[in-house]
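Below is one structure; the comments refer to it alone.
The values are calculated or read from the model by the stated rules, or taken from the named source; none is laboratory data. Computed from a predicted model, the values in this text were never measured in an experiment. Here the Cβ positions follow ideal geometry from the backbone for every residue, glycine too, while neighbour counts run over all protein chains shown. The accessibility values were calculated without ligands, DNA or RNA, using every heavy atom of the protein model including side chains. Shrake-Rupley method; radii C 1.70, N 1.55, O 1.52, S 1.80 Å.
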Amino acid sequence: MKRDELEHVLRAAGAITGVSTWVIIGSQAILGALPDAPEGLLVSQEVDVYAPDDEAASDLVDGSIGEKSPFHESFGYYGHGVGPETAILPSRWRERAVAIQSPSTGGVTGICPAPSDLAISKIAAWREKDREFVRALLRHGIVTLADLRARLSELEPEMAQRIEARLRSVESAR
């Protein structure tokens, strides 16, 4: 997915729901900080979004521009409405977040976690695709292990320990 495609999903989500602010929590949030992110980080065709002030808006996104919708079939990418609980993020992530708003978003703003916060959410989920994403962030120097460890104090202690163990496994594999 490219930045203009992400902007299209934001514009469509806003037009369908009337909601003007969306949080992007999936891998495509990297396009906030890095509009021209390396190809290996842009493999997903879905944009995971939620409206911070309108829980029902996510259902509208799924029903209108979600997977297997005419939107998806026409453009090859889609919006996936989720909830804020979908991603585990450091407590102060909003302070570091990057906003996407351009003429292409049609007045809609997308809030993207900073790369290190996005990486933490991927390490918390720890599926194979998440591990690959984090490895690519590290390989391209977009985040460092030190950046990631600096976020641990903003997590619940049990989650911080789990993420530290996963960071050690990534470190030993390098």
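All but one of (1) touching a helix residue (DSSP H, G or I) at 6+ places or on another chain (Cβ under 8 Å); (2) part of a helix (DSSP H, G or I); (3) within 22 Å of Leu42 (Cβ to Cβ) hold for Glu73; which doesn't?
Among (1) touching a helix residue (DSSP H, G or I) at 6+ places or on another chain (Cβ under 8 Å); (2) part of a helix (DSSP H, G or I); (3) within 22 Å of Leu42 (Cβ to Cβ), the lone unmet condition for Glu73 is (1).
In segment 75-93, which residues are open to solvent by 90 Å² or more (accessible area, probe 1.4 Å) and over 16 Å from the mean Cα position of the chain (by Cα)? Give the derivation first.
Filtering segment 75-93 for residues open to solvent by 90 Å² or more (accessible area, probe 1.4 Å) gives 75, 85, 92.
If the condition is that a residue be open to solvent by 90 Å² or more (accessible area, probe 1.4 Å) and over 16 Å from the mean Cα position of the chain (by Cα), then Phe75 is the only one that fits.
Among the residues of segment 94-119, what is the count of those that are in contact (Cβ under 8 Å) with a residue 60 or more places away in the chain and open to solvent by less than 40 Å² (accessible area, probe 1.4 Å)? Talk me through it step by step, then tell me what you get.
We begin by selecting, within segment 94-119, every residue in contact (Cβ under 8 Å) with a residue 60 or more places away in the chain; these are 97-100, 102, 104-115, 118.
Checking which are open to solvent by less than 40 Å² (accessible area, probe 1.4 Å) leaves us with 97, 100, 102, 105, 108-115, 118.
Within segment 94-119, residues that are in contact (Cβ under 8 Å) with a residue 60 or more places away in the chain and open to solvent by less than 40 Å² (accessible area, probe 1.4 Å) number 13.
Just one of (1) among the β-branched types (Val, Ile, Thr); (2) within 22 Å of Val43 (Cβ to Cβ); (3) out of contact with any Pro (no Cβ under 9 Å at 6 or more places or on another chain) trips up Thr109, so point out which.
Here Thr109 meets the rest and fails (2).
Quick check on segment 6-16. Is at least one of its residues small (Gly, Ala, Ser), within 20 Å of Ala125 (Cβ to Cβ) and assigned to a helix (DSSP H, G or I)? Explain how you work it out, then say what you get.
Initial filter on segment 6-16 (small (Gly, Ala, Ser)): 12-15.
Filter again for within 20 Å of Ala125 (Cβ to Cβ), leaving none.
No, the conditions are met nowhere in segment 6-16.
Scan segment 38-68 for residues that are over 17 Å from Gly14 (Cα atoms) and open to solvent by 10 Å² or more (accessible area, probe 1.4 Å) and report the count. Working first, answer last.
Step one: filter segment 38-68 for residues over 17 Å from Gly14 (Cα atoms), giving 38-45, 67-68.
Filter again for open to solvent by 10 Å² or more (accessible area, probe 1.4 Å), leaving 38-40, 42-45, 67-68.
Counting residues in segment 38-68 that are over 17 Å from Gly14 (Cα atoms) and open to solvent by 10 Å² or more (accessible area, probe 1.4 Å) gives 9.
Which residues, counting only those in segment 26-40, are closer than 17 Å to Ala87 by Cβ and modelled with pLDDT under 95?
Gly26
Looking at the structure I just gave you, is Ser44 small (Gly, Ala, Ser) and either assigned to a loop (DSSP other than H, G, I, E, B) or touching a strand residue (DSSP E or B) at 6+ places or on another chain (Cβ under 7 Å) (or both)?
Details: small (Gly, Ala, Ser): yes; either assigned to a loop (DSSP other than H, G, I, E, B) or touching a strand residue (DSSP E or B) at 6+ places or on another chain (Cβ under 7 Å) (or both): yes.
When the stated conditions are applied, Ser44 passes them.
Quick one: in segment 133-174, of everything that is closer than 21 Å to Ala29 by Cβ and of a type in the set (D, E, K, R), which residue is most open to solvent (accessible area, probe 1.4 Å)?
Result: Arg139.
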